[in-house]
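Written below as structure tokens is the structure these notes are about.
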Amino acid sequence: MVQEEEDIRDYNLNDKQKVTKAKYPPVKQKYKYLGHTVEVQLHPGGDTMKEVFEQWAMAMFGYMTGTEMVNPPQAIEVEIQGDDLQTLLFHFWDEWLYKFSADEFFIPLSVKVLSLDQLNFKIWSIVWREEFSLSKHLQGINVKAITYSDMQGLYEE
């Protein structure tokens, strides 16, 4: 049995931030980071394909910034289509990366897949978010692009 480690970032929160953080349900993290020759390879986990997609997006966002301090005033949705499951995942990731870095520049609290059509390769998802602020959010490593490298087979486990 793996013992959970305390998150030392909680000790750096002031009382107001702790109350705000406690206002939302905890986000389950079922992903891990694997070393990769370029930057990082994300490996999500989940009980359903919807949850795997959600965890994949949150792993990407969590790599770029701390998502624990988000107090989401707004939500945005995206609807994506692919030619197969692999291109659907690629376009899903790519669209959320675009929203993060160019369009909205936001930090998500969570990603929720509202609909996943695995026959027609369509996905509809929503993110609860707030605008990124250096004074509030941790800055991680920027993901510059989504690639197909080592993507095959990861979503089939």
Considering residues of the stretch 52-85 that are among the polar types (S, T, N, Q) and open to solvent by 20 Å² or more (accessible area, probe 1.4 Å) only, the residue farthest from Gln118 (Cα to Cα): Asn71
Return a yes/no flag: does the stretch 111-124 have any residue that is among the aromatic types (Phe, Trp, Tyr) and touching a helix residue (DSSP H, G or I) at 6+ places or on another chain (Cβ under 9 Å). yes
Do you know which residues across the stretch 11-35 are more than 17 Å from Pro72 (Cα to Cα), at pLDDT below 60 and open to solvent by less than 60 Å² (accessible area, probe 1.4 Å)? Leu13
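Consider Pro108 carefully, then state whether it is closer than 16 Å to Gln29 by Cβ and outside any helix (DSSP H, G or I). If you could, list the steps in order and put the result at the bottom.
On the way: closer than 16 Å to Gln29 by Cβ: yes; outside any helix (DSSP H, G or I): yes.
So Pro108 fits the description; yes.
The values are calculated or read from the model by the stated rules, or taken from the named source; none is laboratory data. Every value quoted in this text rests on a predicted model; they were computed, and no experiment measured them. Don't worry about glycine lacking a Cβ; one is built from the backbone with ideal geometry, like all the others, and counts go over all protein chains shown. All accessible areas refer to the heavy atoms of the entire protein, side chains included, with ligands and DNA or RNA removed. Shrake-Rupley method; radii C 1.70, N 1.55, O 1.52, S 1.80 Å.
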